[in-house]
Amino acid sequence: MYMQFRTPINIPPFDFRIDYSTRGVLVGSCFADSIGARMKALKLPVAVNPFGVLFNPLSVAGCLETLEACRIYTQDELETDGERWYSFDFHGSLAGLSAGEALANMNDAVRAGSQALASADYLVITLGTAWVYELGEGGRTVANCHKAPASRFTRRRLSVGEIAERLGPLLARLAATRHVILTVSPVRHLKDGLAENQLSKATLRVAADELARISDRIVYFPAYEALMDDLRDYRFYAPDMIHPSAVAVDYIWELFRGAALSDEAIAATAEIAKIAAAAAHRPLNPASEAYRAFRRSMYEAAQALAQRHPEIDLAAELNLFGS
């Protein structure tokens, strides 16, 4: 009998399945970006963070309500630091050098995200922190401070009740026509302090449990627990000691894949991963017969997969291997 040096997490499969015919939207912290990037790389039809990274539950709720209504922003809602134009509702990646450029970036994101949400079969929400920054005393919560003077903001921690009250009616409405997967980000917010970060994560976890009780179409995926209690080692962190390492995110992705994806989709992701790796391969001698044979075999593999799964877009790979 071997000694056990880990406490592996057991995640029962969800009672619904994600495949290449289902569409998803992921919103929330940078962990949503990490998982979403893996899903996109495997050609699963997902939209990821239309507003950019969002850390707190109130900003996530505001984003989803804006996408529901497809509400278009106007110039009077923008801020400027003299160099860039931005909105406190959006990540800095959507800012612009002019008001017109910023509005175009933001409203294009709203339209695309609104369309994605309307057609989504499932929604993944990753909550990052219960700490929020508000404009002034009791003002609206900002998604990103954009390096504005600290004197403009008041910082406070949300309660479980506030989070449940804000997200509850919204998730009940969204879950009526799609599945919702809640998760707490394992990314640590060390600037808040270690004790404060733990308090924040505990608040989010309890809130997520309350929200999951609203509907049997709302489930919780334990990404936070997978890193904190299963992997539980600094070697699974990036050098900043804040973000999970690529290996850790890959492991959590495997857990998610096993809980959420259909067997057929899992098999297809394995084939796509091989095709993607082959497409990224750079040969020493592109004119060699060995490389031509390699390209022919990969073209046949991609063509066979495309025939079995016409919903998967493999046009770029077929063009590369067939050229």
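The values are calculated or read from the model by the stated rules, or taken from the named source; none is laboratory data. The structure displayed is predicted, hence computed values, not measured ones. Here the Cβ positions follow ideal geometry from the backbone for every residue, glycine too, while neighbour counts run over all protein chains shown.
Structure notes:
- Meets criteria (surrounded by fewer than 19 Cβ atoms within 10 Å (Cβ to Cβ) and under 22 Å from residue 45 (Cα atoms)) for residue 126: no
- Residue 79 being within 24 Å of residue 139 (Cβ to Cβ) and of a type in the set (D, E, K, R): yes
- Where residue 144 falls short, out of the listed (1) surrounded by 19 or more Cβ atoms within 10 Å (Cβ to Cβ); (2) in contact with a strand residue (DSSP E or B) (Cβ under 6 Å, 6 or more places away or on another chain); (3) assigned to a loop (DSSP other than H, G, I, E, B): (2)
- Residues that are in contact with an Asp or Glu (Cβ under 7 Å, 6 or more places away or on another chain) and farther than 19 Å from residue 45 by Cα, drawn from the range 268-300: 279
- Qualifying residues in the range 214-232 (those that are among the hydrophobic types (A, V, I, L, M, F, W, C) and within 20 Å of residue 36 (Cβ to Cβ)) - the one surrounded by the most Cβ atoms within 10 Å (Cβ to Cβ): 223
- Test result for residue 33, under 22 Å from residue 248 (Cα atoms), surrounded by fewer than 22 Cβ atoms within 10 Å (Cβ to Cβ) and acidic (Asp, Glu): yes
- First in the range 212-237 and more than 19 Å from residue 182 (Cα to Cα), second anywhere and among the β-branched types (Val, Ile, Thr) and assigned to a helix (DSSP H, G or I), Cβ under 8 Å, 6 or more apart: 236/247
- All positions within the range 154-193 that are of a type in the set (A, V, I, L, M, F, W, C) and either touching a His at 6+ places or on another chain (Cβ under 8 Å) or at pLDDT below 95 (or both): 187, 190
- Against the list (1) part of a loop (DSSP other than H, G, I, E, B); (2) farther than 24 Å from residue 212 by Cβ; (3) of a type outside the set (Gly, Ala, Ser), the condition residue 134 fails is (1).
- Here residue 235 clears all of (1) exposed (fewer than 13 other Cβ atoms within 10 Å of the Cβ); (2) outside the structural domain of residue 191 (by TED's automatic domain parsing); (3) assigned to a helix (DSSP H, G or I) except the condition numbered (2).
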